[in-house]
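Undergrad: Dropping the structure in here first, questions after.
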Amino acid sequence: MMTPVNRVLFIAHDASLFGAQRMLLTLLQGLDRSRFESHVVAPWTGAFVDALSPLSIPVDLRQMVRWVPSSIEMKGRHKLPQIARLLAGLRARVWAVARLIERHNIDLVFTNTVTVVEGALAAHITQKPHVWHIHEPVYDNDELTPLLPAFAYEKVIGDLSKAVIFPSAAVAHDYRRLESKTHIVYNGLRLPTRMDRASARMTLVQIYGLDPLKKWIAVVGAVQPRKDHGTFLEAARRVLAVNRDALFLIIGGGPESEVARLEALLHGLGGEPQVIRLGQWPGDINVVMHAIDLLVISSQQESFGLTMIEAFAAATPVLSTRCGGPQEIIEDGINGRLVPIKNPMAMANAILDFLTDPATALAWGARGRDLTQARFTEEAYVQNIQLVMQLALGSSPTQDKRSKDIQVSA
């Protein structure tokens, strides 16, 4: 007997290719097309939508207004006008998605972020099961400005969803009222090809003129408040005061306001030549991860830490703050280092340990590579998401082998 094909409508909150959208793209690339047919709703075109073109996945553009707006969007604004804007056209926006559900004979709706609610409401009025994949906490998150109290978000999410997926127990902890519907699925990636480190390093030398004889210590990712580049820069200042064998690199782009704030922090270092902002890397991130000697995650909060497993995949050691998701993956002193958040002295000391004992750090990187191969692959990630979707559809996951890295509530 053939397994029926279920049509799934995926709701994307924007068209960038940062963390949440990258994971949605990974899911869409890996879904078993003999069992799931994908349709996507996005608010506008962009890199994410462009990446769907080779997959021949239909995309419908529909306006959405965030019920959890970004802090940049809300900067200098009051909440009441945003709430009024959210409610003003909500009915029309929801029915626009509902008509897509009916037109495409959708069986399941999958919302990829906490920040938009239109897909969940459309699933409710069309009586279709809904899965909510929440990548971020609403509160204690410098990048979001919640309009409602926490219990209201949890009440709506719980009432409108058959299942709720989180990328770590750290994020799930912020939504404790949803425990009965909670599924923890760790992010995964397609394991990249191992590269010659010297060749990868030379690529960056040729582009940026970096000193290849120094140890390259890098923060990689979007320039955002929660990434806490200030702690990284203060740690760099402390390290360079006693050891000049390192180059500190900041790789990644972001909103103009955040980049300007970062530039001001760099200016405060007095033009230190061994602290360099490279900006957005235009090529394969695998090259960067093979070229650097140590990845630093200086964040105040990380739902998972995708750059962590990207570095692990390249066998590059990782030093992270105790910022949430990385604490569930890194065993301090076994496959990496963990230090407190907002503690530049602890971070500087850990970096100095790395500079004086690189052999131990290389062992961390090798263990990280083994861990990623065993637990954080694209195949494991997609398989576990498919399992949750099948459960939401009310079907038995007979074709999936249950992974140890999915925690499904009873």
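The values are calculated or read from the model by the stated rules, or taken from the named source; none is laboratory data. What you see is a predicted model, and the numbers here were worked out from it, not measured in a lab. Cβ placement follows ideal geometry from the backbone for every residue including glycine, while neighbour counts extend to all protein chains displayed.
Undergrad: Starting from residues that are touching a residue at least 60 places away in the same chain (Cβ under 8 Å) and in a helix (DSSP H, G or I), keep the ones in the stretch 178-198 and report whichever is farthest from Q383 (Cα to Cα).
TA: Ranking the candidates gives R197 first.
Undergrad: If only one of H135, H130, H124 is under 21 Å from E328 (Cα atoms) and either in contact with a helix residue (DSSP H, G or I) (Cβ under 7 Å, 6 or more places away or on another chain) or without any contact (Cβ under 8 Å) to a residue 12 or more places away in the chain (or both), which one is it?
TA: Working: H130 fails: under 21 Å from E328 (Cα atoms); H124 fails: under 21 Å from E328 (Cα atoms).
So the residue among H135, H130, H124 that is under 21 Å from E328 (Cα atoms) and either in contact with a helix residue (DSSP H, G or I) (Cβ under 7 Å, 6 or more places away or on another chain) or without any contact (Cβ under 8 Å) to a residue 12 or more places away in the chain (or both) is H135.
Undergrad: Another one. From the list V109, V131, V117, which residue is under 12 Å from I11 (Cβ atoms), in contact with a Gly (Cβ under 7 Å, 6 or more places away or on another chain) and of a type in the set (V, I, T)? Outline the logic, then answer.
TA: Numbers: V131 fails: in contact with a Gly (Cβ under 7 Å, 6 or more places away or on another chain); V117 fails: in contact with a Gly (Cβ under 7 Å, 6 or more places away or on another chain).
Within the list V109, V131, V117, the selection yields V109.
Undergrad: Something else about it: Can A170 be described as among the small types (G, A, S), under 30 Å from P137 (Cβ atoms) and touching a Pro at 6+ places or on another chain (Cβ under 9 Å)?
TA: yes
Undergrad: Okay, moving on. Please state which one of R62, R99 is in the same structural domain as G394 (by TED's automatic domain parsing), modelled with pLDDT of 95 or more, of a type outside the set (A, V, I, L, M, F, W, C) and in contact with a Pro (Cβ under 8 Å, 6 or more places away or on another chain). Lay out the reasoning, then the answer.
TA: Numbers: R99 fails: in contact with a Pro (Cβ under 8 Å, 6 or more places away or on another chain).
Only one candidate passes the filter, namely R62.
Undergrad: Name the residue that is nearest to F18 (Cα to Cα), counting only residues in the stretch 318-347 that are in contact with a strand residue (DSSP E or B) (Cβ under 7 Å, 6 or more places away or on another chain) and either of a type in the set (K, R) or in a loop (DSSP other than H, G, I, E, B) (or both).
TA: Going through the stretch 318-347, the residues in contact with a strand residue (DSSP E or B) (Cβ under 7 Å, 6 or more places away or on another chain) turn out to be 318-327, 330, 332, 336-341, 346-347.
Among the residues that remain, those that are also either of a type in the set (K, R) or in a loop (DSSP other than H, G, I, E, B) (or both) are: 322-323, 330, 337, 340-341.
Numbers: R322: 22, C323: 19, I330: 22, R337: 25, P340: 25, I341: 23 Å.
Checked the stretch 318-347; the qualifying residue nearest to F18 (Cα to Cα) is C323.
Undergrad: Working carefully through the options L362, L387, L352, find the one that is modelled with pLDDT of 95 or more, part of a helix (DSSP H, G or I) and not assigned by TED's automatic domain parsing to the domain that holds A172. Spell out the reasoning first.
TA: Working: L362 fails: modelled with pLDDT of 95 or more; L387 fails: not assigned by TED's automatic domain parsing to the domain that holds A172.
So the residue among L362, L387, L352 that is modelled with pLDDT of 95 or more, part of a helix (DSSP H, G or I) and not assigned by TED's automatic domain parsing to the domain that holds A172 is L352.
Undergrad: Another one. Are there any strands (runs of 3 or more DSSP E) wholly within the stretch 1-118 with 1 or more residues that are among the hydroxyl-bearing types (S, T, Y) and surrounded by 18 or more Cβ atoms within 10 Å (Cβ to Cβ), and if so which?
TA: The qualifying strands (runs of 3 or more DSSP E) are 36-42, 108-111.
Undergrad: What residue, of N335, N286, is closer than 18 Å to D196 by Cα, of a type outside the set (A, V, I, L, M, F, W, C) and in contact (Cβ under 8 Å) with a residue 24 or more places away in the chain? First the steps, then the outcome.
TA: Working: N335 fails: closer than 18 Å to D196 by Cα.
The conditions single out N286.
Undergrad: Let me ask another. Specify which of the listed residues (R62, R85, R93, R77) is without any contact (Cβ under 8 Å) to a residue 12 or more places away in the chain and either farther than 29 Å from G305 by Cα or small (G, A, S) (or both).
TA: On the way: R62 fails: without any contact (Cβ under 8 Å) to a residue 12 or more places away in the chain; R85 fails: without any contact (Cβ under 8 Å) to a residue 12 or more places away in the chain; R93 fails: without any contact (Cβ under 8 Å) to a residue 12 or more places away in the chain.
That would be R77, the only listed residue that is without any contact (Cβ under 8 Å) to a residue 12 or more places away in the chain and either farther than 29 Å from G305 by Cα or small (G, A, S) (or both).
Undergrad: While we're on this one: Go through I207, I217 for me and flag whichever is surrounded by 22 or more Cβ atoms within 10 Å (Cβ to Cβ) and among the aliphatic types (A, V, I, L, M).
TA: On the way: I207 fails: surrounded by 22 or more Cβ atoms within 10 Å (Cβ to Cβ).
One residue alone meets the criteria, I217.
Undergrad: Then there's this: Quick test for you: out of Q280, Q301, pick the one residue that is modelled with pLDDT under 95 and in contact with a Cys (Cβ under 7 Å, 6 or more places away or on another chain).
TA: On the way: Q280 fails: in contact with a Cys (Cβ under 7 Å, 6 or more places away or on another chain).
Result: Q301 is the single residue among Q280, Q301 that is modelled with pLDDT under 95 and in contact with a Cys (Cβ under 7 Å, 6 or more places away or on another chain).
Undergrad: In the stretch 199-215, what count of residues is obtained for those that are part of a helix (DSSP H, G or I) and over 26 Å from L17 (Cβ atoms)?
TA: The first filter runs over the stretch 199-215 and keeps only residues part of a helix (DSSP H, G or I), leaving 199-208.
Checking which are over 26 Å from L17 (Cβ atoms) leaves us with 202, 205.
Counting residues in the stretch 199-215 that are part of a helix (DSSP H, G or I) and over 26 Å from L17 (Cβ atoms) gives 2.
Undergrad: Report yes if some residue within the stretch 129-142 is part of a helix (DSSP H, G or I) and at pLDDT below 95; otherwise report no.
TA: Looking only at the stretch 129-142, we keep the residues that are part of a helix (DSSP H, G or I), and these are none.
Scanning the stretch 129-142, I find no residue that is part of a helix (DSSP H, G or I) and at pLDDT below 95, so the answer is no.
Undergrad: Right, next: So which of A152, A170, A218, A222 is under 30 Å from D284 (Cα atoms) and assigned to a helix (DSSP H, G or I)? Walk me through it before giving the result.
TA: Details: A152 fails: under 30 Å from D284 (Cα atoms); A218 fails: assigned to a helix (DSSP H, G or I); A222 fails: assigned to a helix (DSSP H, G or I).
From the options A152, A170, A218, A222, the qualifying one is A170.
Undergrad: Could I ask something else about it? Condition first: crowded, with 24+ Cβ neighbours inside 10 Å and within 20 Å of K215 (Cα to Cα). Now tell me which residues in the stretch 322-336 satisfy that.
TA: Within the stretch 322-336, G336 is the sole residue that qualifies.
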